[in-house]
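> The structure's right below; bear with me while I get my questions together.
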Amino acid sequence: MSFDPYRAYEHVKNLAYPRFTGTEGEQKARKYIVSTLKKYGYEVREEAFEVYTYEIEKAEFEVIEPFREKVECAGVGFTGCTPEEGVEADLKYIEDGGRRFWPRGEGHILLLATSVNLELYKDLMKLKPAAIVSTEESPARKPSHVEIPYEWKRHGTCPMIKITYDACFRLVRSGAKRARVVLLQREFKTTSYNIIAEKAGSKYPDEIILLCAHYDSVYGVVGALDNAGGTAILLELARISSEIDTKRTVRLAFFAAEELGLRGSLAYTEQHKDELEKIKLVVNFDVHGASIGKTSVIATGPENMKSYIEALSKELGIRANVAHDIMSSDGTPFADKGVPALNIFRSTGRGVYAHTVDDDLRYIGPEGFLAPGLLAESFIRRMVFAEEIPFKREIPENIKKKIDEYFEKRLGIREKKGVGKTYLYTLDYNKG
């Protein structure tokens with residue numbers, strides 16, 4: 001059997017609704033995935049884990065002086081709430097948050113020309129603002145539906161919203177001086193489920209090739225590209241795997257809560273830490289389906305893993321862009337534990353819509369699944385039938401360093417302590 005891009009496209013259409021953690025959409029997607037896997041003959045496990053999530057109930061931004069204008073915005077999760085009537089304060093444009101632009105005093109609404117990383121967030125908390133307005137960095141994007149990592153809350157909280165590049169430009173050029181922000185949200189703990197199925201190997205059953213994708217989306221967004229598309233590829237590979245006799249075990253993992261900071265894959269590596277040695281390789285699918293685009297791969301493993309994919313791509317006549325790096329996706333928690341991860345994704349101009357309400361079925365089609373699907377199937381067949389996997393199960397030191405920096409500086413869920421380095425995954429989010 002070979003990869004069928006039209007089947008993958010049908011899966012995307014069947015998953016084309018918001019699937020944010022803790023919502024009915026997430027449950028609906030889980031039921032679809034489970035029923036599809038059972039139809040292919042798999043026994044399915046639904047592995048529960050607890051995670052904090054949120055619901056944005058109201059987000060408003062209005063300029064008060066020297067004119068009145070309501071501005072399109074989106075609330076940022078885990079940043080707290082304003083009073084129901086909102087907060088009104090002087091609006092201060094602080095560009096990229098450099099100290100030169102810091103206002104005197106406290107209680108301002110800060111207008112940023114950028115998104116917020118952990119280092120900037122810590123600085124902003126020192127200013128004790130009334131609210132923060134973060135701007136999209138591309139004029140093509142609507143306001144992102146995002147959140148800060150839950151662990152950032154240990155540094156303080158301040159209601160935060162996102163606005164468009166265009167809106168920020170108008171506010172700066174028109175000299176907007178005073179504004180009002182309303183952000184009401186509900187934070188709560190919920191139970192999410194990773195979906196696991198596998199086909200046992202006939203010769204090396206204790207050697208596992210794990211294929212994964214996340215099935216959640218950001219709040220209020222269809223998430224066709226990110227990541228109904230990756231889920232669709234994995235479902236099609238599940239069909240193919242069910243119909244062939246493999247030497248190694250193929251394990252399929254559909255992870256939940258990736259958009260909240262890789263929570264599903266982090267939970268999996270913690271729950272299965274005693275058997276991770278059996279996993280020889282992870283192949284992760286994230287961001288797929290755009291009809292117009294290119295096939296890209298990030299090899300998070302030994303250097304010759306990258307060379308292998310480049311050679312295979314040429315053999316197949318696919319011009320894949322292959323990098324030796326890490327990806328902000330579900331392969332990274334496995335690489336952190338020493339398991340090489342191959343991340344296959346779709347490079348496309350349509351990616352500018354990611355995490356916005358425009359990430360829908362427009363520009364998605366079967367053409368977008370053909371090249372990555374063929375490359376993935378060819379690579380996986382080689383791995384599950386090979387007498388020996390052609391590269392070591394190891395992570396080079398330069399990649400380990402990038403993984404450490406990712407968890408520490410981007411997600412903020414790892415801390416340095418003492419003279420040496422020890423690390424803490426804050427899986428119990430009540431523990432700072």
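Just so you know, all these numbers are worked out from the coordinates, no wet-lab data involved. Predicted model only: the values in this text are computed from it and were never measured. Every residue, glycine as well, gets a Cβ built from its backbone with ideal geometry; the counts of neighbours run over all protein chains shown.
> At what distance in angstrom do the alpha carbon centres of the range 177-232 and the range 286-304 lie from each other?
The distance from the Cα centre of the range 177-232 to that of the range 286-304 comes to 18 Å.
> Another one. Going Cα to Cα from Lys142, which aspartates and glutamates come in below 12 Å? Please leave out same-chain ones fewer than 8 positions away.
Glu72, Asp166, Asp358, Asp359
> So which of Lys122/Lys306; Lys39/Lys247; Lys13/Lys409 end up more than 30 Å apart, counting from Cα to Cα? Could the numbers behind the result be given before it?
Values: Lys122/Lys306 37 Å; Lys39/Lys247 23 Å; Lys13/Lys409 36 Å.
Pairs exceeding 30 Å: Lys122/Lys306; Lys13/Lys409.
> Work out the length of the dipole vector of the chain about its Cα centre, built from +1 on the beta-carbon of each Lys and Arg and -1 on the beta-carbon of each Asp and Glu, and round it to the nearest 20 debye. Present the calculation step by step, with values, prior to reporting the outcome.
Working: 63 positive and 65 negative charges, 119 e Å.
It comes to approximately 560 debye.
> In a Gaussian network model over the chain where Cα atoms closer than 10 Å are linked, find which of Leu183, Leu15, Leu312 has the largest mean-square fluctuation.
Leu312
> Counting other beta carbons within 10 Å of each residue's own, what order do Asp325, Asp123, Asp286 fall into, fewest first?
Fewest-to-most ranking of Asp325, Asp123, Asp286: Asp325, Asp123, Asp286.
> Put a dot 7 Å past each Cα toward the Cβ at Ala140 and Tyr6; how far apart are the dots in nm?
3.0
> Ok, one more. Quick one: dipole size for the range 151-274, taken about the Cα centre, charges +1 on Lys/Arg Cβ and -1 on Asp/Glu Cβ, in debye to the nearest 20.
940
> Whole number please: convex hull volume per residue, Cα atoms of the chain, in Å³.
Roughly 142 Å³ of hull volume per residue.
> Please give me, ordered by residue number, the GluC sites (Glu not before Pro) of the range 114-163 that lie in loop per DSSP and have at most 14 other Cβ atoms within 10 Å.
Glu137
> If you average the sequence gap of Cα pairs under 8 Å that are 6 or more apart and divide by the length of the range 254-352, what percent do you get for the contact order? If you can, show how the numbers build up before the last one.
Working: 155 pairs, mean separation 39.5, N = 99.
Relative contact order of the range 254-352: 40 percent.
> As I understand it, the dipole of the chain uses +1 on the Cβ of Lys and Arg and -1 on the Cβ of Asp and Glu, about the Cα centre. Which of Gly317, Gly301, Tyr17 lies farthest toward its positive end?
Value computed over the given set: Gly301.
> For the range 362-418 and the range 31-94, write down the distance between their C-alpha centroids in whole Å.
Centre-to-centre (Cα) distance: 28 Å.
> Still on this structure, please answer the following. Counting DSSP beta bridges in the range 59-186, what percent are antiparallel, to the nearest 5?
So the antiparallel bridges in the range 59-186 amount to around 55 percent.
> A further question on this structure: Which of Glu405, Glu72 comes first, and how do the rest follow, when ranked by fewest Cβ neighbours within 10 Å?
The fewest-first ordering by Cβ neighbours comes to Glu405, Glu72.
> Just going by the charge dipole of the range 59-186, with Lys and Arg at +1 and Asp and Glu at -1 on Cβ, which of Val172, Ile132, Gly98 is farthest out on the positive end?
It is Gly98.
> Residues with amide H under 5 Å of Ile279's amide H, sequence separation 5 or more or different chain, H placed in the peptide plane at 1.01 Å from N; which?
HN-HN under 5 Å from Ile279: Ile208.
> Send over the per residue convex hull volume for the range 93-239, Cα only, as a whole number of Å³.
Taking the convex hull of the Cα positions in the range 93-239, it is 167 Å³ per residue.
> Explain nothing, just the number: dipole magnitude of the range 59-186 about its Cα centre with +1 on each Lys and Arg Cβ and -1 on each Asp and Glu Cβ, in debye rounded to the nearest 20.
With only Lys, Arg, Asp and Glu charged at Cβ, the dipole is about 260 debye.
> With respect to the cross-link table entries Lys189/Lys294; Lys28/Lys273; Lys38/Lys153; Lys28/Lys58, which display a Cα-Cα separation exceeding 32 Å?
Table pairs above 32 Å Cα-Cα are Lys189/Lys294; Lys38/Lys153.
> Here's another thing I want to ask about it. Tell me what the chain gives for mean residue ellipticity at 222 nm when only DSSP H runs of n ≥ 4 count, each as -39,500 (n - 2.57), the sum divided by the residue total, rounded to 500 deg cm²/dmol.
-8000 deg cm²/dmol
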